[in-house]
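Participant: Would you mind keeping the following structure in view while I ask a few things?
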Amino acid sequence: MKPFASILAAATLSVFCQQAAFAAPEAAYPSKPVKIVVGYAPGGSSDAVARLVASRLSDKLGQTFVVENRPGAASNIAAATVARSPNDGYTILLGSNASTINVSLYKELPFDFQKDFEPVALLTRFPNIMVVNNTVPVKSVQEFINYAKANPKGIFFASSGAGSSTRLSAELFKMMTGVEMEHVQYKGSAPALVDLMGGNVDVVVDTLAATLPQVRA
């Protein structure tokens, strides 16, 4: 398998583009720059994947692919931006599991994922891991559980959005262990991890891709 093909085949982030992108084009596609919209702040795993894919697509297709970050509302702002764009395949959404989870979290959305978008490729699979600020006196998950139970409502966890896997993973951890943690929401993994390292929050459950550089540091 060629390196580029393995990137596209490798994949929890999904790329969606509007359905009309698959209509027979009048000219060879792409004939102008293509925008890849990301629903999270720069520096996180979604942003990193988008920039890697944009670079490889630019090299492969000989046209510029530009990444545009539109964080906020659990990636709904980015999705709405793409849904309102012309149906020409030149505005693509780098989706995530939040793209499907949000349907259950929000009563009304300014788009319909089943009607307004078409899945193109599954790009990445990232395991989530738990990381804590180095001032938290624990070295294992069990030690963290004991510490959290000894400090009820004194533990703050960060996430990259309401419908993100980072939020749901932490909530699942709370349900399974019975610990209490207060949620602090950010517009992406990067700002959440910055505050974790700065001591403003205690713990983050995030993708290995986003957290590994800090773990190794």
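The values are calculated or read from the model by the stated rules, or taken from the named source; none is laboratory data. Because the structure is a prediction, the values reported are computed rather than measured. Please note: Cβ atoms are built from the backbone with ideal geometry, for glycine as well, and neighbour counts cover all protein chains shown.
Participant: Scan segment 159-177 for residues that are touching a helix residue (DSSP H, G or I) at 6+ places or on another chain (Cβ under 8 Å) and at pLDDT below 95 and jot them down.
Facilitator: S159, S160, G161, A162, G163, S164, S165, T166, L168
Participant: Taking only segment 139-166 into account, find how many residues are more than 26 Å from the chain's Cα centre (by Cα) and crowded, with 17+ Cβ neighbours inside 10 Å.
Facilitator: Residues that pass the stated criteria total 2.
Participant: Let me ask something else about it. Is it true that some residue in segment 35-46 is farther than 20 Å from P191 by Cβ, modelled with pLDDT of 95 or more and under 19 Å from the mean Cα position of the chain (by Cα)? Please lay out each step first, then the result.
Facilitator: Our first condition is that a residue be farther than 20 Å from P191 by Cβ; within segment 35-46, this holds for 35-36.
Now narrow it down to the ones that are modelled with pLDDT of 95 or more: 35-36.
Pick out the ones that are also under 19 Å from the mean Cα position of the chain (by Cα) and you get 35-36.
The answer is yes; a qualifying residue exists.
Participant: For segment 77-90, enumerate the residues that are of a type outside the set (F, W, Y) and either over 21 Å from P191 (Cα atoms) or touching a helix residue (DSSP H, G or I) at 6+ places or on another chain (Cβ under 6 Å) (or both).
Facilitator: Correct list: A80, T81, V82, A83, R84, S85, P86, N87, D88, G89.
Results for (1) in a helix (DSSP H, G or I); (2) under 25 Å from G44 (Cα atoms), shown as yes or no for each residue.
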residue: A79; (1), (2): yes, yes
residue: L109; (1), (2): no, yes
residue: K115; (1), (2): yes, no
residue: P119; (1), (2): no, yes
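Participant: To continue, here is another question. Please indicate, with yes or no, whether at least one residue in segment 9-23 is modelled with pLDDT of 90 or more, closer than 27 Å to A192 by Cα and either over 19 Å from the mean Cα position of the chain (by Cα) or not aromatic (F, W, Y) (or both).
Facilitator: No, because not a single residue in segment 9-23 is modelled with pLDDT of 90 or more, closer than 27 Å to A192 by Cα and either over 19 Å from the mean Cα position of the chain (by Cα) or not aromatic (F, W, Y) (or both).
Participant: Report whether or not D47 is charged (D, E, K, R) and assigned to a loop (DSSP other than H, G, I, E, B).
Facilitator: no
Residue-wise test of (1) at pLDDT 95 or above; (2) assigned by TED's automatic domain parsing to the domain that holds K35; (3) within 20 Å of G44 (Cα to Cα).
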{"position": "V66", "(1), (2), (3)": "yes, yes, yes"}
{"position": "I92", "(1), (2), (3)": "no, yes, yes"}
{"position": "S96", "(1), (2), (3)": "no, yes, yes"}
{"position": "L105", "(1), (2), (3)": "no, yes, no"}
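Participant: If M176 satisfies all but one of (1) assigned to a helix (DSSP H, G or I); (2) within 21 Å of the chain's Cα centre (by Cα), what's the number of the condition it fails?
Facilitator: (2)
Participant: Failed condition for T135, given (1) assigned by TED's automatic domain parsing to the domain that holds Q63; (2) part of a loop (DSSP other than H, G, I, E, B); (3) of a type outside the set (F, W, Y), with all others met?
Facilitator: All conditions are met except number (1).
Participant: Filtering segment 94-115 down to residues that are within 9 Å of G163 (Cβ to Cβ) and not aliphatic (A, V, I, L, M), which residue is surrounded by the fewest Cβ atoms within 10 Å (Cβ to Cβ)?
Facilitator: Among them, the one singled out is S104.
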